[in-house]
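The values are calculated or read from the model by the stated rules, or taken from the named source; none is laboratory data. From a predicted model like this one, the values you see are computed outputs, not experimental measurements. With ideal geometry, Cβ positions are generated from the backbone for all residues, glycine too; neighbour counts draw on all protein chains shown. Surface accessibility is based on the protein's heavy atoms, side chains included, excluding ligands, DNA and RNA. Shrake-Rupley method; radii C 1.70, N 1.55, O 1.52, S 1.80 Å.
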Amino acid sequence: MTSSLLFNVTTFVYLLAMLCFFAYLASRNGRVGLAGSLTALAGLLIQSAAIVLRWKESYDLGRGHAPLSNLYESVVFFSWSIVLIFLLLDVRYRYRVIGAFVIPFALFGMAWAQLGLDSGIEPLVPALQSNWLLYHVITCFIGYAAFAVACGISIMYLLQSGKEQADRPAQSGGIAALFPPARVLDDLNYRAIVIGFPLLTLGIITGAAWANYAWGTYWSWDPKETWSLIVWFIYAAFLHARFTRGWIGRRAAWLSIAGFAATIFCYLGVNLLLSGLHSYGG
């Protein structure tokens, strides 16, 4: 048994979970929705075991580091974090239909990692040989995952609010028939961002501390640092506008989607298109 095999199984299980949630949308059968949640949980458990096994494999190969050091491993952890946050929301609020808009993010990440990225376990470059790696990557990626969940919920909000404004009750049918009311989706979008924003803030702070440890400066306007600050300002503006200007509804949903687009560019666009101190992540 290898971690690569378990990650492949995880990808297949997330595909099944996504299909269950799509079937739930079409059939409105509660048992199908429950099957989607249980399948996603099974995928998370398998993926957790795979991450632990990859960690052990790293030590067996003499590398000896946490599986968070390159693009492949970060994409895998990002997918794991998305499913974790979805399941926590599912347990708390029981709106299983959200899975149809969130699990595809995790599935795409796993499929890309398995089919398109180098999965080799390499020695750490000197800049990564620090415990700050754990603190910085974990906080940042759980924050990113919360923003992914907020983006999925925001898409649902735009669909649902359009239907409500057209004076067509959700019970009348269509894919929005199972959606929570728009005001509930708006609140869930806000709650997901409230989870992600402090984690991103902590990730930036730990990243600055790590930069000072590795390169002797807290901030160097590296492209990743600059884009991290842009993402932080977008979500700070979201929260500020909500508290002081009463921004809710469609404007909040669009800002959440824009924030996640910026997050993805900060994560992948900077790694793949720009050079800088984080280029080892590509």
Would you check if L25 is crowded, with 17+ Cβ neighbours inside 10 Å and at pLDDT 95 or above?
no
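Quick check: anything in region 85-94 farther than 26 Å from V184 by Cβ and in contact (Cβ under 8 Å) with a residue 60 or more places away in the chain?
No, every residue in region 85-94 fails to be farther than 26 Å from V184 by Cβ and in contact (Cβ under 8 Å) with a residue 60 or more places away in the chain.
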So is V75 free of Cβ contacts under 8 Å to residues at least 60 places away in the same chain and not small (G, A, S) or not?
yes
Quick one: which residue in A176, A166 is aliphatic (A, V, I, L, M), free of Cβ contacts under 8 Å to residues at least 40 places away in the same chain and farther than 20 Å from R96 by Cα?
A166
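Conditions tested, residue by residue: (1) open to solvent by 60 Å² or more (accessible area, probe 1.4 Å); (2) more than 30 Å from Q160 (Cβ to Cβ); (3) among the hydrophobic types (A, V, I, L, M, F, W, C); (4) at pLDDT below 95.
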residue: L41; (1), (2), (3), (4): yes, no, yes, no
residue: L45; (1), (2), (3), (4): yes, yes, yes, no
residue: L61; (1), (2), (3), (4): yes, yes, yes, yes
residue: L71; (1), (2), (3), (4): no, yes, yes, yes
Positions within region 79-118 being open to solvent by less than 50 Å² (accessible area, probe 1.4 Å) and outside any helix (DSSP H, G or I), in sequence order
L117
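Report the residue count in region 121-153 for those that are of a type in the set (V, I, T), surrounded by fewer than 19 Cβ atoms within 10 Å (Cβ to Cβ) and in a helix (DSSP H, G or I).
Filtering region 121-153 for residues of a type in the set (V, I, T) gives 121, 125, 137-139, 142, 149, 153.
Now narrow it down to the ones that are surrounded by fewer than 19 Cβ atoms within 10 Å (Cβ to Cβ): 125, 138.
Those left that are additionally in a helix (DSSP H, G or I): 138.
Residues in region 121-153 being of a type in the set (V, I, T), surrounded by fewer than 19 Cβ atoms within 10 Å (Cβ to Cβ) and in a helix (DSSP H, G or I): 1 in total.
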Determine whether region 37-59 contains at least one residue that is of a type in the set (S, T, Y) and touching a Ser or Thr at 6+ places or on another chain (Cβ under 7 Å).
no
